[in-house]
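Before any comments, here is the structure.
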Amino acid sequence: MKGRFAPSPTGYIHLGNVWIALLSYISTRNQNGTYVVRMEDIDLQRSKRSLGEALLDDLEWLGFEWDEGPRVGGPEESYWQSERFILYDKVLNRLEEQGLIYPCFCNRARLQSIASAPHRGEVVHHYDGHCRDLDGFTVAQKKLEKSPSMRIKVADSHMEFVDLYQGSQHFALRCGNDDFVLRRGDGMYAYNLAVVLDDISMGITEIIRGHDLLETTAQQLFLYRTLQANPPYYGHAPLLIDTDGHRLSKRQKSITVKELRECGWSPERILGELAVLAGFIPKSDAPSISLESLLIYTAHTKALHCEHIVLEKSI
């Protein structure tokens, strides 16, 4: 099997990132799998190479080792998404030739006006198929005024899968309403396209990520089906949240590994705190464990079936 950790280098790595890295690493290593690190830096405005390098420094300091990725290489030419645009271009052009995608000229104001809350078991509907059947002349005229985004033509579909953490899942996709963007009008590739193409190319068979990305899975499974590729197993792990109910993230300015290092924390102490939250090791006043030892403790650990875990104290 093959697992991966794919962070976005838009800030220093925080405990929420380390939490997912830890869970994915344990799962992969305990299955004797190949572990991949990939930098998801397609957002060229927010991502910085220096932050990516700092993130790798922190992962190495914590004790993580990867078999493929930045600094170690592998069969891929690059493990930075910003250097993989040729692949995305090639696939997008093929989908366009097959008539499976179409240009969309709707602006943000219109999209916000048609957005609707989903019913249970449905993904959020962001569209109404407005540009789906525009004729060639109209498309040509509109392109003179605006660069379009590119949407995939979604067919009515029922996506079912068993999540490693959350159990049986069912989502409904609807023709037109759920046509999602693969490339924005400014040329930026969408997360759904880049992540699926990279995971296919890299042979990823298991994806451990945060519960907040659960609803994107239906769209990604539709892409796998469209590309006639086998999807991976998914595990949407519970999120770490603070006592106010906020998930640990860069936007919440969550505690970073960099800050903890500067305060004198050891890698073993950081991993120990997270291991206690996961129930991997017994709770104590000052938990401390190496990543290597943690693999032994977790050899027969079951997944956490919940949406979030509260970080009860400020580390």
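The values are calculated or read from the model by the stated rules, or taken from the named source; none is laboratory data. Just so we're clear, the structure is a prediction, and the values are computed from it rather than from any experiment. Heads up, the Cβs are rebuilt from the backbone with ideal geometry, glycines too, and the neighbour counts pull from every protein chain shown. All accessible areas refer to the heavy atoms of the entire protein, side chains included, with ligands and DNA or RNA removed. Shrake-Rupley method; radii C 1.70, N 1.55, O 1.52, S 1.80 Å.
Modelled this way, with points 7 Å down the Cα-to-C-beta line, the labels at Asn32 and Asp156 are 4.7 nm from one another. Computed on the Cα atoms alone, the convex hull of segment 122-194 gives a volume of 101 cubic angstrom per residue. The solvent-accessible area of Cys175, taken with every protein chain present and a 1.4 Å probe, is close to 60 Å².
Placing R0 at 45 angstrom, the Cβ-Cβ distance between Arg108 and Ala299 gives a FRET efficiency of 0.35 after rounding to 0.05. Projected label points at Arg184 and Glu292, each 7 Å from Cα along the beta carbon direction, are separated by 4.4 nanometres. Under 5 Å between amide hydrogens, built in the peptide plane, is the criterion, and for Leu240 it picks out Leu248, Ile309 among residues at least 5 positions away or on other chains.
The length gained by stretching the chain between Asn93 and Arg174 to full extension, at 0.36 nm per residue less their Cα-Cα distance, is 26.8 nm. Quantify, in whole percent, the carbon and sulfur part of the accessible surface of the chain (1.4 Å probe; protein heavy atoms only). Carbon and sulfur atoms account for 48 percent of the accessible area of the chain.
Remark: segment 58-111 projects, on average over all directions, an area of 7.0 nm² (convex hull of Cα atoms).
If you take all other residues with their beta carbon under 14 Å from the beta carbon of Arg49, and give Lys and Arg +1 and Asp and Glu -1, the sum is -3.
Between helix 49-62 and the chain, what is the angle of the helix's C-alpha long axis to the longest principal axis, kept within 0 to 90° and rounded to the nearest 10? Tilt of helix 49-62: around 30 degrees.
Solvent-accessible area of Val139, all protein chains in place: 20 Å² (probe radius 1.4 Å, heavy atoms, ligands and nucleic acids excluded). Each helix, a run of at least 4 DSSP H residues, gives -39500 (n - 2.57); summed and divided by the residues of the chain, these come to -9500 deg cm²/dmol at 222 nm.
Taken over the alpha carbons of segment 68-184 as equal point scatterers, the Debye sum produces base-10 log I(q)/I(0) values at 0.15 Å⁻¹ of -0.88. Accessible-area rank, largest first, for Ile204, Ile255: Ile255, Ile204, with all protein chains present and a 1.4 angstrom probe. In terms of accessible area, using a 1.4 Å probe and ignoring ligands and nucleic acids, Met188, Met150 rank largest first as Met188, Met150. The share of Cα pairs per 10 Å bin across the chain, counted from zero up to the longest distance, runs 5, 25, 33, 23, 11, 3, 0 percent. In terms of its C-alpha gyration tensor, segment 1-91 comes out oblate, because a/c is 1.5 or above while a/b does not outweigh b/c. Accessible surface computed residue by residue for the chain, with neighbouring protein chains in place and a 1.4 Å probe, gives 49 Å² per residue.
Computed with a 1.4 Å probe on the full set of protein chains, the accessible area for Cys263 sits at about 110 Å².
Relative to the longest principal axis of the C-alpha atoms of the chain, give the angle of the C-alpha long axis of helix 15-29, reported between 0 and 90° and rounded to the nearest 10°. Value to nearest ten degrees: 80.
Remark: segment 225-240, residue by residue, has Karplus-estimated 3J(HN,Hα) of 5, 5, 8, 6, 10, 6, x, x, 7, 10, x, 9, 6, x, 7, 7 Hz, where x stands for each Gly or Pro and the curve is 6.51 cos²θ - 1.76 cosθ + 1.60 at θ = phi - 60°.
With a Cα cut-off of under 17 Å and a minimum spacing of 8 residues unless on different chains, the lysine pairs in the chain number 5.
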